[in-house]
Amino acid sequence: MKFDSKNKLISFSPQLAILWYSIIASVLSAGLITFVVLYIESQEKAHIDRVTQSVANGVKTLLEKDIRKQVTSLSELAHLYAAPLSTSPSQIADDDWAMISHALSDTDYGYQVITWFDKAYKIRKITPVKTKQSTSDFDVALRSPVHLATIKEKINSGAGLILAVNSNQGDLGLGIFIPIYKNTKTSQELELGIGSILLLNTYINKVLPSYLLVEHQLTIFIDDKKTYSDGTDDSMIDSTWNKQASFEFLEQTWRIEMAPESDFLSQTHFRMMKTLMLLGVLLSVFFGLAVCTALFSVNQANKIRYDRKKMKQLLKNLPGMAYQALNKTDWPMIFVSDGCEKLTGYSKLEFEQYNILWGSIIHPDDYERVCQTINNAIKLKNVFEIEYRILTKEKSIKFVWEKGESISSPHTNDFILEGFITDITSIKQVEFDLIDSDAFSNTIVNSVVEAVITIDQRGMIKSFNDAAQKMFGYTFDEIKDQAIKILMPKYYNEKHDDYLSHYIKTNQIHIIGTGRELVAQRKDGEVFPIHISVSEFKNHENRMFVGVIRDITQQRASQEQRRLHTEQLAHADRLNSLGEMAAGMAHEINQPLTAISLYSQTAKNFCKNNQFEKLPSIFEKISQHSRRAGAVLESVQIMTRQGERLKEVVNCKLLIDEVIKLAELEARLYDIKIVPIVANKNIKLVVDRVQIQQVILNLLRNAMEAMQSIGCKNGSTITLTESLKTDGFIEIAIADTGCGLAEKMIEKLFTPFSSTKNNGTGIGLSISKRIIEEHSGQINFIPNKPSGAIFLFTLPVHDEGNLDDKYNDK
């Protein structure tokens with residue numbers, strides 16, 4: 001299943017589509033069958049409802065007719081004997097009563113008892129007199145308070161029915177009472193009455209035919225009181241099947257409820273529905289399987305047709321020829337694809353009619369090798385691959401690649417060959433060109449004077465040119481597939497793998513992609529300086545790195561000689577500056593020496609006068625002035641010292657303060673004041689302390705000389721400003737109010753031996769420029785408005801992390 005995000009559609013595979021169509025067909029057939037089953041069920045239910053309602057109506061008719069008949073018979077009996085009874089009930093002989101009452105009981109079956117009672121509701125005659133059922137099965141004590149009140153209520157209304165309860169079994173009976181009234185001037189008075197009791201179970205079983213209730217259950221309610229039920233458990237009956245019929249008689253409502261028996265429903269309705277549903281399910285499954293089989297067959301046919309078409313198109317578009325050949329001499333072709341003509345110049349028909357045999361166009365020099373390869377593959381039942389040359393119809397030579405295998409023929413017991421042949425002439429030409437190009441590239445790489453080394457992403461050496469072999473002392477066979485760290489001293493050796501893996505993960509440039517000076521180690525253990533530039537390229541497998549290495553031992557020696565020469569010049573410049581400052585230093589030293597002499601003389605006098613308590617303070621002052629003279633001499637010694645120097649971490653403010661103290665010796669002679677302006681007291685630098693102090697001292701002395709040349713008419717203050725830039729550099733500026741510089745001197749200001757002084761050497765600014773550049777900074781000049789000059793230079797601020805990396809890289 002695939003989702004088309006552009007059209008918002010879901011496409012299914014053919015097998016899944018067939019499954020879905022089969023399911024849909026099954027569901028539709030199941031729906032149709034369900035509809036038919038439901039229709040049959042509704043018709044069957046309607047039929048059962050009609051039958052049940054008809055039975056209910058029949059029962060209602062029979063009961064209503066019979067109960068009315070019972071009341072009518074009793075009424076006729078009452079009126080027949082009304083006159084004699086009104087005279088004296090004793091005039092009616094017991095035999096007559098028995099004959100009449102028995103006749104009535106026999107004619108209208110169902111009577112449990114028939115009685116005569118007087119106006120005091122005392123039973124005077126009863127039939128049957130000695131019936132066991134009437135005396136034991138049914139309570140005839142009509143004078144009980146409950147029954148008596150009910151009888152009176154019914155008789156006062158003219159006639160009535162009451163329910164009596166059997167005292168022994170609890171069976172319900174139906175009481176029918178017919179009153180006989182005596183007319184008076186004012187009203188009617190009850191004289192006598194006839195009553196009867198019917199047991200409902202016996203009565204209904206006699207009134208209703210047995211066949212009528214075979215398949216149904218009868219329930220009778222009189223005034224919503226359940227009076228009769230045929231004995232089936234009501235909880236087992238589904239009320240949805242109930243049908244009712246009712247009638248009114250003697251101010252009472254009789255309701256007949258009729259329901260089909262559960263066995264009847266199970267046998268006639270539910271069993272049929274289960275059978276129909278089972279048949280429906282089987283038909284749905286069968287229909288779904290039939291649809292699935294049909295769709296699958298159609299899909300397979302379409303797939304076969306599509307595969308044939310696709311295969312034909314594929315073979316047509318293949319850059320070569322598919323074939324089937326007999327395993328005979330020169331391999332006659334049973335089948336070839338349309339690409340044969342483009343490959344060989346011969347048509348498909350020429351090959352398949354055996355006009356041209358494949359073996360006849362194989363180059364004679366390759367024929368035996370081809371035969372041997374194919375025969376060996378047939379014996380071993382292996383697939384064969386082979387490259388060889390063929391002669392086309394135009395007599396040109398082509399390189400071809402063939403892959404095939406032997407299979408059993410479907411028609412004979414022989415083997416046939418199946419395979420594919422394609423033109424690889426262009427590929428072979430590229431291979432030849434690559435071989436030539438590789439040889440040419442190796443020649444160029446081996447001819448360069450720099451070492452060229454190639455490594456993979458694991459740091460393994462893959463190429464090592466002749467210059468590299470001479471530089472490091474290894475042959476290519478010794479160094480091939482060795483880790484590149486074998487060419488590094490131990491310190492770099494340990495960190496190289498971590499650096500390479502970190503670069504591959506993050507692509508953060510450190511050495512790769514840039515040039516850098518490092519140290520390397522030869523096979524004999526000698527460590528020497530190199531300049532290395534590393535480039536990255538990717539092949540089809542992984543990343544590769546190419547390093548070009550140059551031995552800079554001679555270059556380092558030349559740089560060291562140039563550095564020593566610069567140091568000598570700087571030392572000479574410092575000596576010259578100190579010589580010019582000698583007068584100021586002599587004055588500065590003379591003051592503490594004079595004070596020491598005076599304090600010594602005073603101390604001597606105190607000793608003579610025995611004033612020894614004043615000597616400690618005198619000696620402290622002598623010590624202070626001695627330290628002052630010593631500090632001046634120490635600063636001069638530092639400036640004059642020559643030799644190897646190292647960079648160190650220094651506080652910029654302290655470095656400037658030391659230079660200002662040294663320059664003030666000369667500034668006091670000219671009455672010039674040096675004012676420092678420090679932005680941040682905690683800025684640290686990594687510098688050669690003496691060289692930076694020399695630069696600042698040179699610029700301060702130049703400023704003092706420029707101001708002295710015009711008699712300090714524009715002011716006698718030199719401002720030394722320190723400010724922190726946003727690019728990680730600090731800027732130190734020396735501003736004076738002297739004579740400034742002429743335009744012609746600005747262009748060659750930092751050129752050696754260019755000076756504005758009559759007796760200047762012209763090397764002070766050039767040395768200062770070189771010192772600042774060696775510290776990765778820059779020095780510049782700008783005019784100071786309205787008069788004077790500003791010399792400023794920058795130095796990188798110390799960063800402990802960057803400093804560590806810088807030292808490690810070196």
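Values in this text are rule-based calculations from the coordinates and carry no lab data. Everything quoted here is computed from the prediction, not taken from an experiment. Every residue, glycine among them, receives a Cβ derived from its backbone with ideal geometry; neighbour counts consider all protein chains shown.
Annotations for the structure displayed:
- For region 311-397, the set of chymotrypsin sites (Phe, Trp or Tyr not before Pro) satisfying both a DSSP loop assignment and a count of at most 13 other C-beta atoms within 10 Å is given as Tyr354.
- Calculated FRET value between Val546 and Val430, using beta carbons and R₀ = 25 Å, to 0.05: 0.65
- Shape of region 337-405, Cα gyration tensor, a/c cut at 1.5: prolate
- Most tightly packed first, judged by the mean number of other beta-carbon atoms within 10 Å of their residues, the peptides 681-690, 194-203, 293-302 read 194-203, 681-690, 293-302.
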